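The values are calculated or read from the model by the stated rules, or taken from the named source; none is laboratory data. Since this is a predicted model, take the numbers as computed values, not measurements. All Cβ positions, even for glycine, are placed from backbone atoms using ideal geometry, and neighbour counts span all protein chains on display.
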Amino acid sequence: MVSQTDLHFHLLPGLDDGPPSLAASLELAELAAADGTDRIVATPHVRGDFVTDVGELEELTRSVAAEIARAGLSVRVECGAELGHEMGGRLSQAELELVAQGPPGGRWLLVETPFSGLDEGVAEALDELRDRGFGIVLAHPERSAQIFGRCAPVLAEELARGTLLQINALSLLGVHGDLSRWNAIQLVAAGQAHVLGSDAHSFVRPPALTAGRDAAIEAGLPRSTADRLIGSAPLRLLERGLVPLPVPLSRRRHGLVAA
């Protein structure tokens, strides 16, 4: 069994649309451990309709990690977030650092792809985050219906800027619908799926990295490559980080990115 690292997991209780209680958090952690996951980044939604004060996240993560260890589960839990792109302009550098991953010089943020798609406003927000020193990992781009339509030019530019894509395992399994599954398969087949994440929320949306890996293999990905999507690739992001590329002057507009 591949040792799995999950970069996208709504594990913290009572904060967003994830587990409502500590007991539910422990049950999700137990499912993840049984699936072979031994390292989880807890990523509650940080956006206007959920968490806006990130100051509480570190202590809550420590508390949940302690309960998981007390339950005898060998699962390491780290503090992170699924950041709404619009929050970059609302959070201080220290607050962004609190939910970023990677070592100094390679810090990166998991940023939610809006279901409405990628547009110039999102791209400018991502440029601002890069300008502040953070690499970008886009969460579940396949769940945007227009990712291969009107969003394709922005996606191509993001990939050229060094942005990485995190695909949901459940998308490959069809849980998020036929279109999300098709989009996910296309990204996997094109080699543009850099890591798989569970985006686990509940028993309805459980941790399923192994099943997602198997679905990627069924879609034509070599087993060794599929294994990397849930093993060495996410681990490398945590251990070695992601270095952001400089923002071109042509993208510094509307005052969103400091000149």
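Enumerate the pairs (first residue in segment 109-125 and in contact (Cβ under 8 Å) with a residue 40 or more places away in the chain and within 10 Å of V137 (Cα to Cα); second residue anywhere and among the charged types (D, E, K, R) and outside any loop (DSSP other than H, G, I, E, B)) with beta-carbon separation below 7 Å, excluding pairs fewer than 6 apart on the same chain, so at least 6 apart or on different chains.
Cβ pairs passing all conditions: L110/E82; E112/E82.
So A69 fits all but one of (1) without any contact (Cβ under 8 Å) to a residue 24 or more places away in the chain; (2) small (G, A, S); (3) not in a helix (DSSP H, G or I); what number is the exception?
Here A69 clears every test but (3).
Restricting to segment 9-56, name every residue that is touching a residue at least 60 places away in the same chain (Cβ under 8 Å), in contact with a Pro (Cβ under 9 Å, 6 or more places away or on another chain) and in a strand (DSSP E or B). Please lay out each step first, then the result.
If we filter segment 9-56 for residues that are touching a residue at least 60 places away in the same chain (Cβ under 8 Å), which is where we start, we get 9-11, 17-19, 24, 27-28, 31-32, 35-37, 39, 41, 43, 45, 47.
Still in the running and in contact with a Pro (Cβ under 9 Å, 6 or more places away or on another chain): 9-11, 18-19, 24, 27-28, 31-32, 35, 37, 39, 41.
Of everything in segment 9-56, those that are touching a residue at least 60 places away in the same chain (Cβ under 8 Å), in contact with a Pro (Cβ under 9 Å, 6 or more places away or on another chain) and in a strand (DSSP E or B) turn out to be F9, T37, R39, V41.
So is A193 assigned to a loop (DSSP other than H, G, I, E, B) and at pLDDT below 95 or not?
It is false that A193 is assigned to a loop (DSSP other than H, G, I, E, B) and at pLDDT below 95.
Where the second residue is hydrophobic (A, V, I, L, M, F, W, C) and at pLDDT below 95 and the first is in a loop (DSSP other than H, G, I, E, B) and surrounded by 13 or more Cβ atoms within 10 Å (Cβ to Cβ) and lies in segment 229-255, which pairs have Cβ atoms under 7 Å and are six or more apart or on separate chains?
From segment 229-255, the pairs are G231/V2; V247/V257; R252/A259.
One line per residue, one yes/no per condition, for (1) under 16 Å from the mean Cα position of the chain (by Cα); (2) exposed (fewer than 15 other Cβ atoms within 10 Å of the Cβ); (3) not hydroxyl-bearing (S, T, Y):
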{"position": "A169", "(1), (2), (3)": "yes, no, yes"}
{"position": "L179", "(1), (2), (3)": "no, no, yes"}
{"position": "V204", "(1), (2), (3)": "no, yes, yes"}
{"position": "S224", "(1), (2), (3)": "no, yes, no"}
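I'd like the full set of residues that are small (G, A, S) and modelled with pLDDT under 95, limited to segment 209-233.
Our first condition is that a residue be small (G, A, S); within segment 209-233, this holds for 211-212, 215-216, 219-220, 224, 226, 231-233.
Matches in segment 209-233: A219, G220.
Among residues belonging to segment 141-166 that are in contact with a strand residue (DSSP E or B) (Cβ under 7 Å, 6 or more places away or on another chain) and in contact (Cβ under 8 Å) with a residue 60 or more places away in the chain, point out the one that is surrounded by the most Cβ atoms within 10 Å (Cβ to Cβ).
Among them, the one singled out is Q166.
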